[in-house]
1. Identify the residue in the stretch 251-282 that is within 32 Å of the chain's Cα centre (by Cα) and part of a loop (DSSP other than H, G, I, E, B) and, among all such residues, is farthest from Glu171 (Cα to Cα).
2. Residue check: is Arg13 surrounded by 11 or more Cβ atoms within 10 Å (Cβ to Cβ), among the charged types (D, E, K, R), in contact (Cβ under 8 Å) with a residue 40 or more places away in the chain and in the same structural domain as Arg102 (by TED's automatic domain parsing)?
Amino acid sequence: MYVKDLYMDLNKRRIPTTPIASLAKRICRYLPQRRTDTLTNIVMKWTVEDTSEKLRKEERLNTKVWRDNIQTIRSQGIEGDFKRIYRSERKKYKKTLCEKRRQKVWFLSKKYKPSKRNIPDEVNGVIIKDQDIPMDFSTEPRVYGNTVINEDEKHILSLPPKFAIPDKVDEHKCEIEIEKAITKLRWERHQTGTKNTNLPPTGDFKTHEDTGTTIDFRNMRPTDLPFNGRVYLPPALELDTEVQLHMLKQNLQKATEKYKRENDEKEDLTSNERKGLKSLTSRVKNKDIVILSTDKSGRHAVDTPEN
């Protein structure tokens, strides 16, 4: 009951718990704050529903236990005393839980609710507000030394500091990763299905004992050695399992092809920016220039290797 009331109170106030807030923040790391708030509210709603369902199950279980034992309590003539002690203990425990819930809600409200205090821009003649962005602010790169960049290179370097270009999907690399996953699955199925007495138990692959000074290289896996020549593929599994793995691989490859067909044609750069990126990449590779990021504004800076 305490957990249900706590989650219902938090959900009504739009306040998340610490684990839910942390998880939503990690999932929506590069998304706007409203996405994090939306996900938090949805998960809190699910949590309230799950908690209510668990409470109903516990209530049914308690009712069943009470009905199974009520005859024994009545036969001993202690039903009245039992109910009186039960109500007294329940009232005391409920009061403790209500105070605990109030403190918990207060703490989370203070932690996650935005403060409505009016913070002044100046205190005792000292300006503490954020600096206003001037109207003539420009994201053009800083150029030092005798370095010269053309207009295309200037365009690509003028993009925001956190601008990123996603890599194109490589179907061959995706197929390699799929094969790796299937191979790991085969090894796991074989290791759980059969015992290899030549290997130490899982978790005991240590060459150095924590409590001693002995180094035993017999506890190493062959694959731990860079010059190991005993790397081989696992044998096939049962026919039904192999058919399922083959179908899984085909479905993953189809999903990869569909994603590549729908998204690879999208371009984040203009033709001039692509030319500038190609030119800058070539010049950096030839060590003609060095491209850095400024400390404060995060703008790009171009300089010569000598400087």
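1. Taking the candidates together, the pick is Leu269.
2. yes
The values are calculated or read from the model by the stated rules, or taken from the named source; none is laboratory data. Every value quoted in this text rests on a predicted model; they were computed, and no experiment measured them. Cβ: placed from backbone, ideal geometry, glycine included. Neighbour counts: every protein chain shown.
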